[in-house]
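A short worksheet on the structure shown next.
What follows draws every value from the coordinates through simple rules; no lab data is involved. Please read all numbers here as calculations on a predicted model, not as lab measurements. Counting neighbours? That spans all protein chains shown, and the Cβs are built from the backbone with ideal geometry, glycine included.
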Amino acid sequence: MMRKIGFGALWLGLAVYAFFLAPPNQPNTFELIKDLSLGEIDGINPLIVALFYIMGVWPMIYSCLLFFDGRTQKIPAAPFAALSFGVGAFALLPYLALREPRTTFPGQKNAFLKLLDSRWTGIALTIAAVLLVTYGLSNGDWGDFINQWRTSRFIHVMSLDFCLLCLLFPALLGDDMARRGLQNSQLYWVAALLPLFGPLIYLCARPPLAADLTMEAKSI
């Protein structure tokens, strides 16, 4: 119960902060989002470009856990995972508040789940993240980024969202490891404490989820 209250309070606090306490919206925010979405990045600070696209990598990382976790929940994970591509932690926090701890995966993996379970998916996401971080850090203007962080609600809240996604990952990590029979405290702490790349390392290192032979036998 305390876990549910904690995630609910965090969601409420995030919403209040984003809409009432964060810096105001800037007139060019819609145009900036449109240009980033269309890949028209000329003249945009590479740090902002990298952060925006990394916020598309994060929902993929979470999806690699959410869709397996959601199989045993009363609420479906798919709507929350889909919404997270647009609003990040705003969509994931309600799911984390409503879900129950589960360490099993009944039934079989379909083609979509096999893709999410594949280490090649983790490797592809890691390569994308490395390229984005390298691009942002090697070409970005930190002075401009800090100024925009202070004055633009979009940049400010997107940065906060990134930090929250780093911090929330352990909420699903322990159950996913147990679901796979994986007992590795070092891997857990790497995934839990290393921002962005810790979860990616976990996706590359975790063993595939075994099929539930009991469920398969029942279906036969």
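Placing R0 at 25 angstrom, the Cβ-Cβ distance between Ser185 and Trp142 gives a FRET efficiency of 0.10 after rounding to 0.05. Take the Cα of Ala15, step 7 Å toward its Cβ, do the same at Ile201, and the gap between the two points is 3.6 nm.
When percent of Cα pairs over 33 Å apart is calculated directly from the model, which label among (i) 13; (ii) 17; (iii) 20 fits? Calculated percent of Cα pairs over 33 Å apart: the matching label is (iii). Taken over segment 1-44, the alpha-carbon convex hull comes to 100 cubic angstrom per residue.
Its DSSP H runs of at least 4 residues, each contributing -39,500 (n - 2.57), put the calculated 222 nm mean residue ellipticity of the chain at -22500 deg cm²/dmol, to the nearest 500. Here the peptides 84-91, 196-203, 125-132, 138-145 are ranked by packing, the mean other Cβ count within 10 Å, and the order with the highest first is 196-203, 84-91, 125-132, 138-145. For segment 147-184, the residues whose backbone nitrogen is under 12 Å from a point 7 Å from the Cα of Ala210, taken along Cα to Cβ, are 179-182. Per the Kirkwood formula applied to alpha carbons, segment 1-120 shows a radius of gyration over Rh ratio, Rg over Rh, of 1.04.
Remark: relative contact order (the chain) = 30 percent; criterion is Cα-Cα distance under 8 angstrom and separation of 6 or more residues. For Arg102 and Ile41, the difference between the fully extended length at 0.36 nm per residue and the C-alpha to C-alpha distance is 17.7 nm.
Against the chain, whose longest principal axis comes from its Cα atoms, helix 2-16 is set at around 20 degrees.
The angle between the Cα long axis of helix 89-98 and the longest principal axis of the Cα atoms of the chain comes to about 30 degrees, rounded to the nearest 10. Take the Cα of Trp120, step 7 Å toward its Cβ, do the same at Lys74, and the gap between the two points is 3.9 nm. Subtracting the Cα-Cα distance of Arg153 and Phe112 from 0.36 nm times their residue separation leaves 11.2 nm of extension gain. Counting only alpha carbon atoms, the long axis of helix 142-151 and the longest principal axis of the chain meet at about 90°. One quarter of the convex hull surface built on the alpha carbon atoms of segment 89-162 amounts to 7.6 nm², the projected area averaged over directions.
Between Leu167 and Asn28, how high is the FRET efficiency from 1/(1 + (r/R0)^6) when r is the Cβ-Cβ distance and R₀ = 30 Å? Nearest 0.05. Walk me through the numbers before you get to the answer.
On the way: r = 30 Å, r/R0 = 0.99.
The computed FRET efficiency comes out at 0.50.
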